[in-house]
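Chemist: I'd like to ask some things about the structure below.
What follows is calculated from the coordinates using simple rules that are stated; it is not laboratory data. These figures come from a predicted structure and were not determined experimentally. Backbone-built Cβ (ideal geometry, glycine too); neighbour counts: all protein chains shown.
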Amino acid sequence: MSKKKNTDRMNTEKDLAKLMEEIKKQDFKSTEELNDFLKNIMGQSLDDLPERTDKKGRSQDLVYEASEQPVSKAKKLIKQALELDSNNADAYNYLASIEKDIDKAIKLYEKAVKAGEKTLGKKFFKEEKGYFWGMLETRPYMRAKAGLADCFYVKNEVDKAIEIYEEMFELNPNDNQGIRYLLSTLLLGKKDLTKFEAFIKNSKEEDCAVWNFNNALYNFKKKGRTSITDKSLLKAYKSNGFVIDYMLGIKKMPKEQPQYIGRGDKNEAIAYVFDSWKIWDNTVGAFDWLYDFKQTRLKMN
């Protein structure tokens, strides 16, 4: 995620947190009173709302501020945040995000996860399972889980990454963080496709490169080259015609993942190939299938 996008997201959260804090202070007795309050502040800048004064709130606001600052200044803010709240998961998340040593980053994300668990409490997990991310207080914890899983994925500890992503999906089936795309790819890479089949069956079908090309590869793994398999590949190709070129090396892959992607564009193709190339390469005959398909398309043009 780009620094600007991350900063925008954190600023939005900060504003929402201030608004929620102000609503709690008002102690509304009815929905009408709440609606009147919201109407009165409509159009006003949330910056005009009072800053939070409790330790946890001030600590979190320091982390939000750190996300906008250069690393040297941000570290000082993070230190202050942890002095106010030693269980501020987002403070550890920030330190992990700037850590170049992946093993050290993992330890920091693990600290963040434990801090989040302590802050939320066991009862909260039981009662609110399925609704995480919708509540602001759960987001630092969910970011910690995602960061930890991503690190395990980079280290090729796929089973650990899958386990965490599955836990996240149970906590937040709406998947606001978009983990379903990588999770589906990782599950497709397993020899036993039972989990992939169950995951896809219980997920809403999407018209994107990940879903379409994963579906094509799944059909190929199960049935080999058939008319059904070829149709699924054609559907995938129509959703993003760049994937096969990058997969086969016709187009050169960049060294880093793109920051932004759009449906059907080159960045979407690059992002998919980054995550799935190894799975396609490990599937006997898959690249030959792609090559033959590409040649057929060229002859048709």
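Chemist: Show me the trypsin sites (Lys or Arg not before Pro) within the range 179-250 that DSSP assigns to loop and that have at most 11 other Cβ atoms within 10 Å of their Cβ. It would help to have the intermediate numbers written out before the result.
Modeler: Numbers: sites: Arg180, Lys190, Lys191, Lys195, Lys201, Lys204, Lys221, Lys222, Lys223, Arg225, Lys231, Lys235, Lys238; in loops: Lys190, Lys191, Lys204, Arg225.
Sites meeting the loop and neighbour criteria: Lys191, Lys204.
Chemist: Further, regarding this structure: Can you tell me how much longer the chain between Leu298 and Lys195 gets when fully stretched, taken as 0.36 nm per residue apart minus their C-alpha distance, in nm with one decimal?
Modeler: Working: separation 103, 0.36 × 103 = 37.08 nm, distance 3.62 nm.
Length gained, Leu298 through Lys195: 33.5 nm.
Chemist: A follow-up question, please. Can you give me the angle between helix 55-66 and the longest principal axis of the chain, using Cα atoms only, in degrees from 0 to 90, rounded to the nearest 10?
Modeler: 50
Chemist: Report the dimensions of the range 170-301 along its three principal axes from the alpha-carbon atoms, largest first, rounded to Å.
Modeler: 48, 34, 23
Chemist: Return Met168, Met135 ranked ascending by Cβ neighbour count within 10 Å, so the fewest neighbours appear first. Spell out each step's value before the answer.
Modeler: On the way: Met168 22, Met135 12.
In increasing order of surrounding Cβ atoms, one gets Met135, Met168.
Chemist: Suppose we take every Cα in the chain and form the convex hull; what volume per residue is that in Å³? If you can, show how the numbers build up before the last one.
Modeler: Values: hull volume 51.6 nm³, N = 301.
In the chain, the Cα convex hull volume per residue is 172 Å³.
Chemist: Right, here's the next one. Simple spin-label model, 7 Å along Cα-to-Cβ: Ile250 to Lys55 in nm?
Modeler: That separation, rounded to one decimal, is 6.2 nm.
Chemist: Nothing charged except the Cβ atoms of Lys and Arg (+1) and of Asp and Glu (-1): what's the magnitude of the dipole of the chain about its Cα centre? Round to the nearest 20 debye.
Modeler: On the way: 55 positive and 49 negative charges, 218 e Å.
Roughly 1040 debye for the chain.
Chemist: Now for a separate question. Please report the Cα spread of the range 248-293 along all three principal axes, rounded to whole Å, starting with the longest.
Modeler: Computed over the Cα atoms, the extents are 32, 19, 18 Å.
Chemist: Nearest 10 degrees, 0 to 90: what angle lies between the long axis of helix 71-84 and the longest principal axis of the chain (Cα atoms)?
Modeler: Once rounded, one gets 60 degrees.
Chemist: Roughly what angle does helix 266-281 make with the longest principal axis of the chain, taking Cα atoms, 0 to 90 degrees, to the nearest 10?
Modeler: For helix 266-281, the angle is close to 60 degrees.
Chemist: In a solvent-free Debye calculation with one equal scatterer on each Cα, what is log10 I(q)/I(0) for the range 99-177 at q = 0.11, 0.21, 0.26, 0.28 Å⁻¹, listed in the order of the q values?
Modeler: -0.27, -0.93, -1.27, -1.37
Chemist: Translational diffusion coefficient, Stokes-Einstein: compute it for the range 153-233 using the Kirkwood radius over C-alpha pairs as Rh, at 25 °C and 0.890 mPa s, and state it as an integer in µm² s⁻¹. Display every interim value, and only then the final one.
Modeler: Values: Rh = 13.3 Å.
Approximately 184 µm²/s, per Stokes-Einstein.
Chemist: Which ³J(HN,Hα) values in Hz, rounded to whole numbers, follow from the phi angles of the range 286-301 under the Karplus curve 6.51 cos²θ - 1.76 cosθ + 1.60, where θ = phi - 60° and Gly and Pro get x?
Modeler: Per-residue couplings from phi come out as 5, 5, 4, 4, 4, 4, 4, 4, 4, 4, 5, 5, 5, 5, 6, 8 Hz.
Chemist: While we're here: What 222 nm value per residue comes from the helices of the chain, counting each DSSP H run with n ≥ 4 as -39,500 (n - 2.57) and dividing by all residues, nearest 500 deg cm²/dmol? Numbers along the way, then the final one.
Modeler: Working: 16 runs with 208 residues, N = 301.
-22000 deg cm²/dmol, from helical runs alone.
Chemist: Zone of Asp159 (label point 7 Å along Cα→Cβ, backbone N under 17 Å): which residues in the range 179-210?
Modeler: Once the point is set 7 Å along Cα→Cβ of Asp159, 186-196 turn out to lie under 17 Å by backbone N, inside the range 179-210.
Chemist: Rounded to the nearest 0.05, what FRET efficiency is calculated for Phe28 and Lys123 with R0 set to 22 Å and r the Cβ-Cβ distance? Before the final figure, lay out the partial values.
Modeler: Numbers: r = 25 Å, r/R0 = 1.15.
Calculated transfer efficiency: 0.30.
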